Amino acid sequence: MNTEENTLILFKPDCVRKNLSGTVLQRLLAEGFRLRAMKMIQLDDAILREHYAHIIDLVIDDEPLFPKLSKFMQTSPVVALVLCGPGVITRVRTILGPTNSQKADKGTIRGDFGTNSMYNICHASDSPESAEAEIKRFFKPEEIFDNVD
């Protein structure tokens, strides 16, 4: 957990609409992570298809998940950010709690603010490989800063 790494975080539309972006960012930064990049963006179907390619064909309760997910993720802008720190990928996912907010403990971000598996406040990279790909998907190299100690 001492390895310095980067992760992508997306504050989803439910986070933005509930005006929780500052609260969630404050909780993450209080853990000692460094902010390397941040911007508000409106997602479109093309970037969502790429981002959720691993679940594009997933069916839940006899309905494809992606159309609902895509519609939700386009209901408002999202806030995209890159955080850096030792073990940041695993640590952020622990701070967020399980993907399904209904199973998240109070004191975790999803347990405190989320509703379910879709309305769960944040997306966070789940591995160094996905973090690298996701950061490249949402940020140009010149939008990521190293001198933020």
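Structure above, values below:
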| item | result |
| --- | --- |
| Test: Arg49 is under 26 Å from Lys140 (Cβ atoms), of a type in the set (Lys, Arg) and surrounded by 12 or more Cβ atoms within 10 Å (Cβ to Cβ) | yes |
| Residue within segment 122-129 that is closer than 25 Å to Gln42 by Cα, touching a Phe, Trp or Tyr at 6+ places or on another chain (Cβ under 7 Å) and open to solvent by 30 Å² or more (accessible area, probe 1.4 Å) present | no |
| Candidates Phe11, Phe72, Phe66, Phe33 - the one that is touching a Gly at 6+ places or on another chain (Cβ under 7 Å) and of a type outside the set (Ser, Thr, Tyr) | Phe33 |
| Residues located in segment 57-74, provided they are in contact with a strand residue (DSSP E or B) (Cβ under 8 Å, 6 or more places away or on another chain) and either modelled with pLDDT of 95 or more or open to solvent by 60 Å² or more (accessible area, probe 1.4 Å) (or both) | Asp57, Leu58 |
| Failed item in (1) open to solvent by 90 Å² or more (accessible area, probe 1.4 Å); (2) farther than 15 Å from Tyr119 by Cα; (3) charged (D, E, K, R), with Arg34 passing the rest | (1) |
| Candidates Asn100, Asn19, Asn120, Asn116, filtered to the one that is within 13 Å of the chain's Cα centre (by Cα) and of a type in the set (S, T, N, Q) | Asn120 |
| Filter result (open to solvent by less than 20 Å² (accessible area, probe 1.4 Å) and touching a strand residue (DSSP E or B) at 6+ places or on another chain (Cβ under 9 Å)) within segment 102-121 | Ile109, Arg110, Ile121 |
| Filtered residue count, segment 75-98, keeping only those that are free of Cβ contacts under 8 Å to residues at least 60 places away in the same chain, open to solvent by less than 70 Å² (accessible area, probe 1.4 Å) and over 15 Å from Ala131 (Cβ atoms) | 2 |
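The values are calculated or read from the model by the stated rules, or taken from the named source; none is laboratory data. Bear in mind the structure is a predicted one, so any value in this text is a computation, not a measurement. When we count neighbours, we look across all protein chains shown, and the Cβ atoms used for this are built from the backbone with ideal geometry, even at glycine. Please note that ligands, DNA and RNA were not included when accessible areas were found on the heavy atoms of the full protein model with its side chains. Shrake-Rupley method; radii C 1.70, N 1.55, O 1.52, S 1.80 Å.
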